[in-house]
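Undergrad: Here it is, the structure, as C-alpha cells.
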Amino acid sequence: MVSLALVHWIYVVMVVVILVVMVLRRDTLIPCILGIFLMGMAAQKGVAGATGAIFDSFVVAGVELLGIIFVISVIVSMSRLLEDLGANQLMVKPFTKLIKTPDQAFWFIGIVMFVVSWFFWPSPATALVGAVLLPVALKVGLPAIGAAMAINLFGHGLALSSDFVIQGAPTLAANAARVEVTELIVKGIPLFGVMGFVTIVTAYILLKRDMKRGIITAEKIVTGEVIKEKEVTKNTKIAAVLVPLAFTLDIIAMFVLNLRGGDATALIGGTAVLILAILCLLEFRNKMLEEFTKYIKSGFVFGMEIFGPIIPIAAFFYMGDMGTFVEVMGSEALPLNSQGILADLGGALASIAPMNKPTAAAMQMTIGSLTGLDGSGFSGVPLVGALARLFGTAVNGSIARLAALGQIGAIWVGGGTIVPWGLIPAAAICKVLPMDLARRNFIPVITGLIVTTIVAMFLI
C-alpha cells in the first residue's frame, strides 16, 4: 500500500468540511478554494505558487466542463427564441386533446415534461409544460398539487438525474470519477430506471389514495390566471415542426453513426445553433445578426450563472485524480508509486476498514443526498464522482455505477424534489406552496432512494 502524504490528509479534511458546509446549506466555494491552496502549500509551491494553483485548477476544471457549458448555453438560447415565437406552446398543444381523465393528465404531463426536459433542461420545460398542460389537467379533475408532482418528479427528478441527451450531470460525475460518460450512463440505466419507477409510482398511488379520501380535491385549488397564448404566425409553425424534426434526426444519427459522449453532445449543440440561426433569419430578416447575438448572449449568461459556482467545486475534487493533480501541482508532493489521491485513499481504506459493496453503496447514496440539501444538486456531483472512484477502488466495484448512484442522490434531493428551496419553479407555475409539494414528494423520493441503494448493492 502507498503511504499517505500530507496532501492526502488535507484532501480528506477538506472533503469533511465541505460536507458539513453543504448540510448547513451554505455555499462551498471558499472551502474548495482553501483546500486547493492548502494542497499547493503542502506541495511546497510556496504562497505564490499555491495562489497560482487556485487559478490553474480553475482553468483545468473549466476545460473539462467547457463542452457541457456550451451545449447548455446554446440550447437555452434556442429555447428562448422558441418561447418568444410561441413555438414551444404550439409543439405541445396538440397533445392536450389526449387528456381526458386525472390519471391520463398525471402521466401525460409527466412524460411530456420528461422528454422536453431531456432536450431543453427542466427549468424552461417547467414553464412550457405548466403553461400549456396545467389548465387541461385542472379541467379534467387533476389537482394542481398532482400536476406539480408530475412536473417536478419527471423533470427535476428523473430527467435531470439521468440527463442522457445534454449530459450535464453525467459529465460532471464521470469527469470526477475518471470514467467515460457513456460508461456511466449505460451502467447507470438500471439505477435510473429503478429510482424513477419506484418514486413516481409511489407518488401516484399516494396521490390517488388522498384524492379518493377527499384530502385533496381539484375544486379547492386556486389556480390563478392562465398564461395567455402567443399569436401563431407562419414562423411559429415552421419552428414547431423544425425543432422536433431536427432533434429526432439527431437521435437517429446517434444510433446509425454510433455517436456517444462528446460526439453526441456536439451534435445536439450544433443542431441548436443552426436552428437558432435559421429561425433568426426567418423572423428578423435584416436584423438577424444582432438578434442572433442577443439570444446567444442570453444563453451563455444562463450557462455561466449555472456553472460559474460549479467550476471551483469541480476544481477541488478533480485534484483527486493523478493527471489533474500533477498538471496543477506537480508530482513531487505525492509518494512514489502513487496512483493519485483518490486511488491511494481507496487502497488505504480497503486495507484498514471493513469496506464492502453494500457499505460503499449506502455511503455513496447518503453522501450524495446530503450534498443535495443545498438545493443545487449539481454542486455535489463532482464530490460523489470523486468518492465513487475512492469507494470503487476500495471494494473493487464498478466506479461508473457508484458515480451514477451518487448522482441520483445528489440530483433527486438537490435538483428540486424534496427541498422546498429547490422546487420553487414547479410550485410557482402550478400555484401551490413549495412546502406542500415537498411534503407530497418526501415519502416517494425517500422510498426510491432506499430501493435504488439496495439494488445498487447487488450491481456494483
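Undergrad: Show me the ranking of peptides 203-212, 122-131 by mean Cβ neighbours inside 10 Å, starting with the highest. Can you show the working numbers first?
TA: Numbers: 203-212: 16.6, 122-131: 23.5.
Result, highest mean Cβ count within 10 Å first: 122-131, 203-212.
Undergrad: Report the extension gain between ASP263 and LYS100 in nm, rounded to one decimal, defined as 0.36 nm multiplied by the number of residues separating them, less their alpha carbon distance. Please list the in-between numbers first.
TA: Values: separation 163, 0.36 × 163 = 58.68 nm, distance 4.09 nm.
Additional length available on full extension: 54.6 nm.
Undergrad: Okay, moving on. For the chain, with all protein chains present and a 1.4 Å probe, just round the carbon and sulfur fraction of the accessible area to a whole percent.
TA: Roughly 67 percent of what the probe reaches on the chain is carbon or sulfur.
Undergrad: With N denoting the number of residues in the range 134-216, provide Rg(C-alpha) divided by 2.2 N^0.38 Å, to two decimal places. Could you put the intermediate results ahead of the total?
TA: Numbers: Rg = 16.4 Å, N = 83, 2.2 N^0.38 = 11.8 Å.
This ratio for the range 134-216 stands at 1.39.
Undergrad: Starting at the first residue of the range 47-53, write each ³J(HN,Hα) from the Karplus equation 6.51 cos²θ - 1.76 cosθ + 1.60 with θ = phi - 60°, in whole Hz, x for Gly and Pro.
TA: Whole-Hz 3J(HN,Hα) from phi for the range 47-53: 4, 5, x, 5, 5, x, 5.
Undergrad: If DNA, RNA and ligands are ignored and the probe is 1.4 Å, what is the ranking of TRP121, TRP107 by accessible area, most exposed first? Please report the intermediate quantities before stating the final value.
TA: On the way: TRP121 15, TRP107 80 Å².
Reading off the accessible areas and sorting them downward yields TRP107, TRP121.
Undergrad: Sticking with this structure for a sec: Of LYS139/LYS431; LYS237/LYS431; LYS93/LYS294, which pairs sit farther than 22 Å apart, going by alpha carbon to alpha carbon?
TA: On the way: LYS139/LYS431 15 Å; LYS237/LYS431 30 Å; LYS93/LYS294 28 Å.
Violating the 22 Å Cα-Cα cut-off are LYS237/LYS431; LYS93/LYS294.
Undergrad: Right, something else. For the range 236-268 and the range 390-432, compute the distance between their C-alpha centroids and round to whole Å.
TA: 27
Undergrad: Once the dipole of the chain is set up with Lys and Arg at +1 and Asp and Glu at -1 on Cβ about the Cα centre, which of ILE72, ALA127, ILE216 lies farthest towards its positive end?
TA: Value computed over the given set: ILE216.
Undergrad: Just tell me which aspartates and glutamates come within less than 14 Å, Cα to Cα, of LYS45; anything on the same chain fewer than 8 places away is out.
TA: ASP56, GLU327, GLU332
Undergrad: Can you compute 3J(HN,Hα) from phi for each residue in the range 288-294, using the Karplus curve 6.51 cos²θ - 1.76 cosθ + 1.60 with θ = phi - 60°, rounded to whole Hz and x for Gly and Pro?
TA: 4, 4, 5, 5, 4, 4, 4
Undergrad: Ok, one more. Keeping all protein chains in position, work out how much accessible area LEU249 exposes to a 1.4 Å probe, and write it in Å² to the nearest 10.
TA: We get 100 Å² for LEU249.
Undergrad: If you don't mind, another one. In nm, to one decimal, how far is the modelled label at PHE197 from the one at VAL451, with both set 7 Å along Cα→Cβ?
TA: Inter-label distance under the simple model: 0.8 nm.
Undergrad: Among 172-180, 62-70, how do they line up by average Cβ neighbours within 10 Å per residue, starting with the highest? Each step should come with its number before you reach the end.
TA: Working: 172-180: 26.6, 62-70: 17.2.
Ranking the peptides 172-180, 62-70 by packing returns 172-180, 62-70.
Undergrad: Here's a follow-up. Put a dot 7 Å past each Cα toward the Cβ at ASP436 and ALA246; how far apart are the dots in nm?
TA: 4.0
Undergrad: Quick one: accessible area per residue over the range 112-215, 1.4 Å probe, rounded to a whole number of Å²?
TA: Working: 2980 Å² over 104 residues.
The answer is 29 Å² per residue.
Undergrad: Now for a separate question. Based only on Cα atoms, what mean projected area does the convex hull of the chain have, in nm²?
TA: Values: hull surface 90.2 nm².
Reported value for the Cα convex hull: 22.5 nm².
Undergrad: For LYS187, go through the lysines and keep the ones whose alpha-carbon is under 22 Å away, minus same-chain ones fewer than eight residues off.
TA: Leaving aside lysines fewer than 8 places away in the same chain, those within reach of LYS187 are LYS357.
Undergrad: Probe 1.4 Å, all protein chains in place: accessible area of GLU183 in Å², nearest 10?
TA: So the heavy atoms of GLU183 present about 70 Å² to solvent.
Undergrad: So, in Å, what gap is there between the alpha-carbon centers of the range 100-117 and the range 24-61?
TA: After rounding, the separation between the Cα centres reads 45 Å.
Undergrad: Also: Which of the lysines could a cross-linker span from LYS287 if the Cα-Cα distance has to be under 16 Å and same-chain partners fewer than 8 positions apart are dropped?
TA: Partners found: LYS297.
Undergrad: While we're here: log₁₀ I(q)/I(0) of the range 399-443 at q = 0.32 Å⁻¹, via Debye over equal Cα point scatterers, no solvent, to two decimals?
TA: -1.04
Undergrad: Let me ask something additional. Per DSSP H run of n ≥ 4, the term is -39500 (n - 2.57); total these for the chain, divide by its residue number, and report the mean residue ellipticity at 222 nm rounded to 500 deg cm²/dmol. Intermediate results must be reported in sequence, preceding the final value.
TA: Values: 20 runs with 337 residues, N = 460.
That calculation yields -24500 deg cm²/dmol at 222 nm.
The values are calculated or read from the model by the stated rules, or taken from the named source; none is laboratory data. Note that the structure is a prediction, hence the values are computed from the model and not measured. Note that we place each Cβ from the backbone using ideal geometry, even for glycine, and neighbour counts take in every protein chain shown. With ligands, DNA and RNA removed, areas are computed over all heavy atoms of the protein, side chains included. Shrake-Rupley method; radii C 1.70, N 1.55, O 1.52, S 1.80 Å.
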